[in-house]
Amino acid sequence: MNEATKQFALAHADDDVRQLALKGCRDAEVDMTVALQQISGRQAARSKIPTWAAIDDIRYPVHLSMEQCSSEATACYKAQLVAPGSPGRSYRKLVDLTGGFGVDFAFMAENFDEGIYVEHDENLCAIVYHNLQLLADSSAVSVVNAEAETFLHNMQEHVTLIFVDPARRDSRGARAFGISDCTPDVLPLMDELLQKADHVLIKLSPMLDWRKAVADVGSEHVEQVHIVAVGGECKELLLLLSAEGSPQPQLVCSNDGRQEIFSLSRGGEAFTASSGAAASLPRGRSEAAPFLYEPHAALMKSGLFSELAQRYGVVPLAPNSHLFAADAPIANFPGRAFRVTDVSTMNRQELKEKVLPLRQANISVRNFPMSADALRRKLKLSEGGDHYLFATTLADGRHVLLLCKKLLP
């Protein structure tokens, strides 16, 4: 990127990229394709990777690479996950076999004495090489343009950690979710990965069921499973593996840094940390309770509702509603807490008396035969306000609307 293109990108950093593309630039020295890529990349980075967006000389890749790269929040999570346990440590070496835009690599490499970034895309390698000069000790990191499988096969030295984030798009650009559908397919590489590193960290789609992922890679190798949610949305499924595994593997549900940790058996079944045995999910309650609890996104994804009910002493409204009730406030529940102010059936007269006067409410649907949008249209309620309305099914099969006020943390 020449100086004219760089200055144009900085001067128009806040402009609409589409409008800039239509207007063009009279300066022949400005490469508009490159400039627009930098402007859109920095605009995306302001929310996704704010530390990098604050550095003028950071270079950005094409839109797809920006879309696929980790956020700063999830990269920091992984960096903390692989940080050394004590200062008196031996030499630590990281290999990232699927470097991409290098966000995960840059943040994780800070906790290693040496890091090797591997990426098959030559253009990404050039961009990341440039950025690492600004972000890291350049003598401690290196960039290698190679296929992940080729580099792995040629590795002679045993390393501390191998990180793999398989691309979740097929040859036609369609999204892929299964481990074997991604590139590279890590399943045929598992033995070699575990032979050449103390630990292997695999990043997978949050759409995957963690139990199947554990079974696919081999539960005997699992040390930790992490379900990572940011801003109420599941972002990543992480598997931390080693050749020997752990005698007591863990499932960690993290939501904006708040963690709930569960012990796992070798078969992948979850146990409560307190009793060592999973609770059977109660049938549920049919009567209204004064307090309602909704687990955060990572716990929702985990499916550990029996364990959660046992740990916090709450009762599910119904086995498939994933909402919990209590007769008293529950301190530090991992999710949202509400006080139930009223309960309405779908009876027209009840709706007229209890729900329609609200005019505005935040609507959520759990195990209910109508979408949130359809229910909102039926009730003629606008979005927002201080009222929360949960449409759900109770244990006795009744469809109800729970009118709530949110409890402050």
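Tabulated values for the structure
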{"quantity": "Leading residue by the ranking (surrounded by the fewest Cβ atoms within 10 Å (Cβ to Cβ)) among those in region 103-134 that are part of a strand (DSSP E or B) and not hydroxyl-bearing (S, T, Y)", "calculated": "E114"}
{"quantity": "Yes/no for V365 being modelled with pLDDT of 95 or more, surrounded by 14 or more Cβ atoms within 10 Å (Cβ to Cβ), in a strand (DSSP E or B) and aliphatic (A, V, I, L, M)", "calculated": "yes"}
{"quantity": "Scope region 182-205; condition among the acidic types (D, E) and in contact (Cβ under 8 Å) with a residue 12 or more places away in the chain; matching residues", "calculated": "D185, E192, D198"}
{"quantity": "When residues of region 222-240 are limited to those that are within 18 Å of P166 (Cα to Cα) and charged (D, E, K, R), the one least open to solvent (accessible area, probe 1.4 Å)", "calculated": "E236"}
{"quantity": "Conditions (1) surrounded by fewer than 19 Cβ atoms within 10 Å (Cβ to Cβ); (2) within 18 Å of L240 (Cα to Cα); (3) within 26 Å of the chain's Cα centre (by Cα); number of the one not met by R92", "calculated": "(3)"}
{"quantity": "Region 5-32 residues that are hydroxyl-bearing (S, T, Y), paired with ones that are surrounded by 11 or more Cβ atoms within 10 Å (Cβ to Cβ) (beta carbon under 6 Å, 6 or more apart)", "calculated": "T5/V30; T5/D31; T5/V34; T5/A35"}
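The values are calculated or read from the model by the stated rules, or taken from the named source; none is laboratory data. Note that this is a predicted model, so its numbers are computed, not measured. Every residue, glycine as well, gets a Cβ built from its backbone with ideal geometry; the counts of neighbours run over all protein chains shown. With ligands, DNA and RNA removed, areas are computed over all heavy atoms of the protein, side chains included. Shrake-Rupley method; radii C 1.70, N 1.55, O 1.52, S 1.80 Å.
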